[in-house]
Amino acid sequence: MSETLARVSAATPLTIRMHERDNVAIVANDGGLPAGTALPGGLVLRERVPQGHKVALVDLPLGGTVLRYGVPIGFAIDDIPAGSWVHERLLKMPEARGLEDLPMATFKPDPLPPLEGYTFEGYRNPDGSVGTRNILAITQTVQCVAGVTDFAVQRIRSELLPKYPNVDGVVALEHGYGCGVAIDAPDAIIPIRTLRHISLNPNFGGEVMVVSLGCEKLQPERLFPPGVIPIQDTRATGAAELLDTVCLQDDAHVGFMSMVDSILHQAEVHLKRLNARRRETVPASELVVGVQCGGSDAFSGVTANPAVGFCTDLLVRAGASVMFSETTEVRDGIAQLTARATTPEVAQAMVREMAWYDDYLKRGSVDRSANTTPGNKKGGLSNIVEKAMGSIVKSGSSPIHNVLSPGEKLQARGLTYAATPASDFICGTLQVAAGMNLHVFTTGRGTPYGLAPVPVIKVATRSDLARRWHDLMDLNAGTIADGTASIEDVGWELFRLMLEVASGRQQTWAERWKLHNALVLFNPAPVT
């Protein structure tokens, strides 16, 4: 990616052109620019152009191709004179790239040198994974038990946690699945394995505790079949695996409070073990990072996402695992992705996931144009093609080593494409299930998004957002557009911040405010 930044004072009109072929640029000034403004190259704006929105650099005829990031993002539905505001109502979206005749593992970059000597303080787990937090998770098999579990969790926080200072918190894994669903449908494996793998996230220390109703379709033994839960020496004296389940319909429970007391009693068993754990120095290669964007704007692909992409390359060089996702938001760049695959088999796996999602959208009688939100458009993104070009750059430039289907657990290091919907909450949930122990989330419009199981580092795309949301944004990438920092500067700043957060030496704003969105299981199977 090449970019031309007009690095001038804040009082001077500032536009950003991402590629030398581009015939549009975005306005970077806070508040936009009024009609009559003369840009540094001499072009005069014919009308007001809001911040982040595109201005035509040349006359664009009816049917003419509009280029940003060096690729067509649309076709003019009318003549657009130079200096005009180019918005979504003036563009026809290109058709999606077909999934045939794609470049398959054709890009072979020279390997980047290893990045050695970087460490963080983490919790080593029995299965070899490393947590960045030390949390008790209580898995629920069905939504019916959510109220009882929530009541119990409140008591755990107030009555038990003060006794165990080395435990960071307790999380109830609430969801809407478990009953009233076609549990044997082929796609039912997706929500089931998602919940299973969330329960085994590295930040939960291998401690699995389940609350069940008793009559639900998703029985505990189906959720955790034999061999799934790692056995700790402190948990069992023999080879038998113990599934710690509190079943609310058990005859032993007489009244509501007896159910709550049972949950507290079992929780304390796990809290004692978690409290005995201590952080230890581990290499940066133990990081499992999920990257995502939400509330995106036209600056996402200019500032925050390129900085995250640079940091992604640093992490890969350090031997860490990085996941990028959001199928709808990378679908239009599939040719870029398959070319970066390490093998034709990896490339074909990406094609398989894109084809599955194309069919999924078709079954719902929608297409990829449904992705772009009113906020995206207000922030300057005309359509999903433009959004996709800015989204992909979070993945950096490293080869793509692995592909995960929804709900699968990550087993490989390097860069992985983890197929998920673009919904912030479903994507985040699936990345937690994959084994993410640290999350990076970029935003241009702003969102207080957070996840209870993992720390979420939020990166602002604009300095104005970072100033206004100073106690919600953890890092300001808007300095790139301001001309006071480079992509590399912000990428390194993010890398160092990640090590501090992973070590527990610094909390994210979402952690401080305890801003935790609900986990959402992706369930393409029928509901009965």
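The values are calculated or read from the model by the stated rules, or taken from the named source; none is laboratory data. What you see is a predicted model; the values in this text were computed from it and never measured. Using ideal geometry, Cβ is built from the backbone for each residue, glycine included, and neighbour counts are taken over all protein chains shown. We work out accessible area using only protein heavy atoms, side chains counted, and drop any ligands, DNA or RNA first. Shrake-Rupley method; radii C 1.70, N 1.55, O 1.52, S 1.80 Å.
What is the P(r) of the range 173-298, as percent of Cα-Cα pairs per 5 Å bin from 0?
Binned Cα distances yield the sequence 2, 8, 15, 17, 18, 15, 12, 6, 4, 2, 0, 0.
So what J values fall out for the range 87-99 if you push phi through Karplus, 6.51 cos²θ - 1.76 cosθ + 1.60 with θ = phi - 60°, rounded to Hz, Gly and Pro as x?
So the Karplus estimates, Gly and Pro as x, are 10, 4, 6, 9, 10, 9, 6, x, 5, 5, 4, x, 9 Hz.
How far apart, in nm, are the 7 Å Cα→Cβ label points at residue 97 and residue 228?
3.7 nm
Rg and Dmax in Å for the range 163-217, alpha carbons only: what are they?
13.9, 45
Sorted by packing (mean other beta-carbon atoms within 10 Å per residue), highest first, where do 98-104, 190-196, 333-339 land?
The packing order, highest mean first, is 190-196, 333-339, 98-104.
Name the residue from 270, 164, 341 whose Cα lies farthest towards the positive end of the charge dipole of the chain, charges +1 on Cβ of Lys and Arg and -1 on Cβ of Asp and Glu.
Of the options given, the answer is 164.
Kindly give Rg over Rh for the range 361-457, based on alpha-carbon atoms, with the Kirkwood expression for the hydrodynamic radius.
Ratio value, two decimals: 0.96.
Considering only protein heavy atoms, what per residue accessible area in square angstrom results for the range 138-230 with a 1.4 angstrom probe?
Accessible surface, normalised per residue, equals 35 Å².
Under a point-charge model restricted to the Cβ atoms of Lys and Arg (+1) and Asp and Glu (-1), what is the dipole moment magnitude of the chain relative to its Cα centre, in debye to the nearest 20?
660 debye
Report the Cα-based extents of the chain along its three principal axes, largest first, to the nearest Å.
That gives 80, 46, 45 Å along the principal axes, largest extent first.
Nearest-5 percent of antiparallel DSSP beta bridges in the chain?
40 percent
Residue by residue, what Karplus-based ³J(HN,Hα) values in Hz, rounded to whole numbers, does the range 432-440 have, using 6.51, -1.76 and 1.60 with θ = phi - 60° and x for Gly and Pro?
Ordered by residue, 3J(HN,Hα) equals 4, 4, 5, x, 4, 10, 7, 10, 10 Hz.
Show the residues, 5+ positions off or on another chain, whose built amide H is closer than 5 Å to the amide H of residue 137.
Amide H neighbours of residue 137: 171.
In whole angstrom, note down how far apart the Cα centers of the range 79-140 and the range 297-331 are.
Here the answer is 4 Å between Cα centres.
For n ≥ 4 DSSP H runs only, could you compute -39500 (n - 2.57) per run for the chain, divide by its residues and tell me the 222 nm figure to the nearest 500?
Estimated from H runs of four or more residues: -8000 deg cm²/dmol.
Between residue 280 and residue 59, what is the label-point separation in nm under the 7 Å Cα-to-beta-carbon projection?
Taking the simple label geometry, residue 59 and residue 280 are separated by 7.2 nm.
Non-local amide H neighbours of residue 120 (under 5 Å, H modeled in plane, Pro and chain starts lacking H): which ones?
Sorted by chain and number, the residues that satisfy this are 282, 284.
Where does the range 405-472 land on Rg/Rh, using Cα atoms and the Kirkwood Rh?
1.02
Along the charge dipole of the chain, which of 111, 12, 84 sits closest to the positive end, that is, farthest toward it, with unit charges on the beta carbon of Lys, Arg, Asp and Glu (+1, +1, -1, -1)?
Sorting the options by dipole projection puts first 12.
What number in nm² do you get for the range 1-134 if you take the convex hull of its Cα atoms and divide its surface by four?
Orientation-averaged projected area of the Cα hull: 14.9 nm².
Determine, from the Cβ-Cβ distance of residue 19 and residue 116 and an R0 of 30 Å, the FRET efficiency 1/(1 + (r/R0)^6), rounded to the nearest 0.05.
Calculated transfer efficiency: 0.30.
Sequence gap of 8 or more, or different chains, plus Cα separation below 19 Å: how many lysine pairs satisfy both in the chain?
Taking the chain as the scope, the lysine pair count is 13.
Give me the Å³ per residue figure for the convex hull around the C-alpha atoms of the range 111-230.
151 Å³
Please pull out the direction-averaged projected area of the range 370-528, using the convex hull of its alpha-carbon atoms, in nm² to one decimal place.
It is 10.9 nm².
Can you send over the solvent-accessible area of residue 87, 1.4 Å probe, protein chains only, in Å² to the nearest 10?
Ignoring ligands and nucleic acids, residue 87 comes out at about 20 Å².
Classify the range 342-386 from the C-alpha gyration tensor, please: rounded if a/c falls under 1.5, else prolate or oblate depending on whether a/b exceeds b/c.
Oblate is the answer for the range 342-386, as a/c is 1.5 or above yet b/c matches or exceeds a/b.
Can you give the translational diffusion coefficient of the range 250-306 in µm²/s, computed by Stokes-Einstein from the Kirkwood radius over Cα pairs at 37 °C and 0.692 mPa s?
Diffusion coefficient, whole number: 196 µm²/s.
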